[in-house]
Amino acid sequence: MALRENFPNEPVKITLPRIYDPRGSLTVVEEQNQIPFDIARVYWIYDVPGGEERGAHSHRKLQQLMMAVSGSLDIEVTDGFTTKVFTLNKPFEGLYLPPGIWRRMFNFSSGSCLLSIVSLPYDEKEYIRDYDEFIENARKRGPIITQE
Ligand code: TYD
């Protein structure tokens, strides 16, 4: 059965497999296993100066898993209705983001590295970088994030 059917269609933190070893730990992500999409691209953000922010955009179709493979950072996500902040500070935790989520990454610790595994090749047309356009689309579409 496809993982997609059971996977929440909203931002959710997932705990990835950890393989303990006296020589060190190992964590793994496989497409359609821990994540509900096929992997098209991997990139990472690092050397972020203190106080800087990244993100400030959403995606039309792209799905994503973000991991602080070293250090820590905060990710604020909104669907235009509900806003949540997730802290990533463990190399075996990931934040899954479906399409339609505006995100802002901040509080990067010194030496942090934010790894992203995403479902589509890079395409600037696939981004929404204008917050007003994002809100207009969100109003038409409706909420994604479950309120607690
Ligand atoms: P962007 O996705 O805006 O990074 P962030 O989410 O941190 O704000 O990308 C920053 C710049 O890098 C932008 O000019 C596009 C470019 N870029 C690529 O060329 N290829 C890629 O795969 C990514 C993710 C970004």
Exercise. Taking interchain pairs and intrachain pairs at least six residues apart, which have beta carbon atoms under 7 angstrom, with the first residue in region 6-28 and acidic (D, E) and the second in a loop (DSSP other than H, G, I, E, B) and loosely packed, with under 15 Cβ neighbours inside 10 Å?
Worked result: E10/T146
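Please go through region 84-116 and pick out each residue that is polar (S, T, N, Q) and in contact (Cβ under 8 Å) with a residue 24 or more places away in the chain.
Matches in region 84-116: N107, S109, S110, S112, S116.
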For this session: Could you please find all residues in region 131-140 being surrounded by 13 or more Cβ atoms within 10 Å (Cβ to Cβ) and either at pLDDT below 95 or not β-branched (V, I, T) (or both)?
Result: Y131, F134, E136, N137, A138
For this session: Mind listing whichever residues of region 57-78 are of a type in the set (G, A, S) and within 13 Å of the ligand (Cβ to nearest atom)?
Result: S58
For this session: Only one of these is of a type in the set (D, E, K, R), within 11 Å of the ligand (Cβ to nearest atom), under 13 Å from the mean Cα position of the chain (by Cα) and surrounded by fewer than 16 Cβ atoms within 10 Å (Cβ to Cβ): R54, R103. Name it.
Result: R54
For this session: Report whether or not G111 is outside any strand (DSSP E or B) and surrounded by fewer than 17 Cβ atoms within 10 Å (Cβ to Cβ).
Result: yes
For this session: For region 104-148, name all the residues that are of a type in the set (A, V, I, L, M, F, W, C) and under 14 Å from L62 (Cα atoms).
Result: I117, V118, L120, I128
Exercise. Among the residues of region 108-148 satisfying the criterion of being under 15 Å from the mean Cα position of the chain (by Cα), near the ligand (Cβ under 10 Å from one of its atoms) and of a type outside the set (F, W, Y), which is farthest from L95 (Cα to Cα)?
Worked result: L120
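The values are calculated or read from the model by the stated rules, or taken from the named source; none is laboratory data. This structure is a prediction, so every number in the text was calculated from the model and none was measured. Ideal geometry is used to build each Cβ from the backbone, glycine not excepted, and the neighbour counts take in all protein chains shown.
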